[in-house]
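For reference, the structure discussed in these notes is given below.
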Amino acid sequence: MRSRWFGLVIAAVAVAVSLWAYPQLPPTVATHWNVRGEADGFSGRVVAVSIMPLLIIVMTGLFNVLPRLDPRRANYAKFIGTYWLIANAVILFILIGHGMIVATGLGYPVKIGRTLPIGVGLLFIVLGNYLTRVEPNFFVGIRTPWTLSSDTVWRKTHRTGGWLMVLGGFVIAACAFFPPGAFLPLFIAAVLIMAVIPIVQSYVLWKREQSKP
């Protein structure tokens, strides 16, 4: 999970699944679902088996390039293992999405209304657990004008953000066992809390830092 080549392995798995499933899929495949787990978007099977593998390849390339473009690229050496764990968790999540598209296309009874909240929630829990290890940079983490201007503000804000992301992830995952209508409001509330509190905190900490003689 901490390897820069993990994404290519995942891409190969996704391509293999696509090649195996393609002859068995119907001409039209569900590729999008609403918050109730009902299919509301469909694509031809070529698109259905291609979009996620292509996205995985693009994301893998992007994650490899970003550290070289970052003005604070020297900091990546301090958290490169965490960087790749976060990147690969996102890529693995995309693979799971690909598996869900293929499985539903093949007629397997995938309960999207349950698997989606659990998958999203687990992703947030993983990201939150490792967010505190991310050093100041321009691409990964809570990037506000105030965290980017102070390493102290960055670290304090990321400690708060990490805990909030873990708690938010548990709330989102729990939505799998709530009535279908509960997912969207709880998801929005969790995301807003995870986003707004660290932003406000970063400003308050920066303002306090600036007021010190």
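The values are calculated or read from the model by the stated rules, or taken from the named source; none is laboratory data. None of these values were measured; they are calculated from a predicted model. Here the Cβ positions follow ideal geometry from the backbone for every residue, glycine too, while neighbour counts run over all protein chains shown.
Quick notes on this structure:
- The requirement of being in the same structural domain as ALA48 (by TED's automatic domain parsing), in a helix (DSSP H, G or I) and surrounded by fewer than 21 Cβ atoms within 10 Å (Cβ to Cβ) is satisfied by GLY99.
- Those residues of segment 14-44 which are in a helix (DSSP H, G or I) and surrounded by fewer than 15 Cβ atoms within 10 Å (Cβ to Cβ), in sequence order: ALA16, LEU19, TRP20, PRO23, GLN24
- Failed item in (1) within 25 Å of ALA174 (Cβ to Cβ); (2) of a type outside the set (Gly, Ala, Ser); (3) assigned to a helix (DSSP H, G or I); (4) within 17 Å of the chain's Cα centre (by Cα), with ILE142 passing the rest: (3)
- Filtered residues of segment 11-40 (kept if small (Gly, Ala, Ser) and in contact with a Gly (Cβ under 8 Å, 6 or more places away or on another chain)): ALA21, ALA30, GLY37
- Count of segment 107-144 residues, restricted to those that are surrounded by fewer than 17 Cβ atoms within 10 Å (Cβ to Cβ) and without any contact (Cβ under 8 Å) to a residue 12 or more places away in the chain, is 4.
- Single condition PRO71 does not satisfy, out of (1) surrounded by fewer than 19 Cβ atoms within 10 Å (Cβ to Cβ); (2) part of a helix (DSSP H, G or I): (2)
- Tally of residues being within 21 Å of the chain's Cα centre (by Cα) and under 30 Å from PRO179 (Cα atoms) across segment 8-54: 9
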